[in-house]
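Enquirer: Here it is, the structure in full.
The values are calculated or read from the model by the stated rules, or taken from the named source; none is laboratory data. On a predicted model such as this, the values are computed, not experimentally measured, just so you know. So basically every Cβ, Gly included, is an ideal-geometry build from the backbone, and we count neighbours across all protein chains shown. The accessibility values were calculated without ligands, DNA or RNA, using every heavy atom of the protein model including side chains. Shrake-Rupley method; radii C 1.70, N 1.55, O 1.52, S 1.80 Å.
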Amino acid sequence: MSLASRARALVKYAAAPVIFRYPPVGLQPERLATYLSGLLARKGLPGDIAEIGCNVGGTASVANRMLRRQGWTGRYICYDTFGGFVDSQFQTDVGLGTSRNRRLMFDANSESLVRRVLTIHGSPEVELVKGDITTVSDQFLSESYSAVLLDVDLSDPTYEALKRFWPRVVPGGVIYVDDCPDGYDWKAREGYVRFCNEFGLPEQYEYGLGVLKRS
């Protein structure tokens, strides 16, 4: 993280109660509704819930609080670099058409900022795992998941995350992959399509989310 990014992160942390007085949800409204509805439909399944790429924790705070209000007692786990994109992964997608201007979009985040946002919005028990999802140790992965929101924007980490998490999804469970509209600047769809083709799974899209449902 550059000095400028560190400075921005410190400002965001100090001003979090004002800047983030409302949950900072990054999902488009229709995708948020799809995700939350999917969680409610699966709250009785065994397994944890994972968000891979959580930005500053707004979606996690809303989703976790919603589930707790319904009596859900599982683990909600967020995986993130908490410092923006891995450069080699981003450069791959520049070659696929992603704008270079997006390179620093999330580099002023931090684990401490996300923890503060979660606490402000009533979800302090959400677990945070720092690291590149392609290399995070298996010891930080749950044995099973009922639902996964995969929102890393880029093609390679999307593909690699699907390979790691799909085998852990319980029957009836689901993975939602954000940023999958056709022709989108982000190339998550490239990773989703690659995974579906390689493993013989049907592509399914709901409001710009790539969807994998375990039968």
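Enquirer: Consider only pairs whose beta carbons are under 6 Å apart and that are at least six residues apart or on different chains; among these, list those whose first residue lies in the stretch 52-65 and is over 16 Å from Ala16 (Cα atoms) and whose second residue is at pLDDT 95 or above and among the hydroxyl-bearing types (Ser, Thr, Tyr).
Expert: These pairs meet every condition: Ile52/Tyr79; Asn64/Tyr76; Asn64/Ser123; Arg65/Ser123.
Enquirer: Then there's this: Just give me the residues in the stretch 167-192 being open to solvent by less than 40 Å² (accessible area, probe 1.4 Å), out of contact with any Ser or Thr (no Cβ under 9 Å at 6 or more places or on another chain) and more than 19 Å from Ala50 (Cβ to Cβ), in sequence order.
Expert: Matches in the stretch 167-192: Pro181 only.
Enquirer: Another question, if that's okay. If you go through the stretch 193-203, how many residues are in a loop (DSSP other than H, G, I, E, B) and either at positive phi or surrounded by 14 or more Cβ atoms within 10 Å (Cβ to Cβ) (or both)?
Expert: Adding up the residues that qualify gives 3.
Enquirer: Determine the pairs where a residue that is more than 14 Å from Val117 (Cα to Cα) and open to solvent by less than 30 Å² (accessible area, probe 1.4 Å), located within the stretch 14-38, has a partner that is of a type in the set (Asp, Glu) and in a helix (DSSP H, G or I) with Cβ atoms under 6 Å apart, the partner being 6 or more residues away or on another chain.
Expert: none
Enquirer: Looking only at the stretch 69-93, which residues are under 22 Å from Glu143 (Cβ atoms) and charged (D, E, K, R)?
Expert: Arg75, Asp80
Enquirer: So, in the stretch 39-51, of the ones that are touching a residue at least 24 places away in the same chain (Cβ under 8 Å), more than 12 Å from the chain's Cα centre (by Cα) and outside any loop (DSSP other than H, G, I, E, B), which residue ends up nearest to Val126 (Cα to Cα)?
Expert: Asp48
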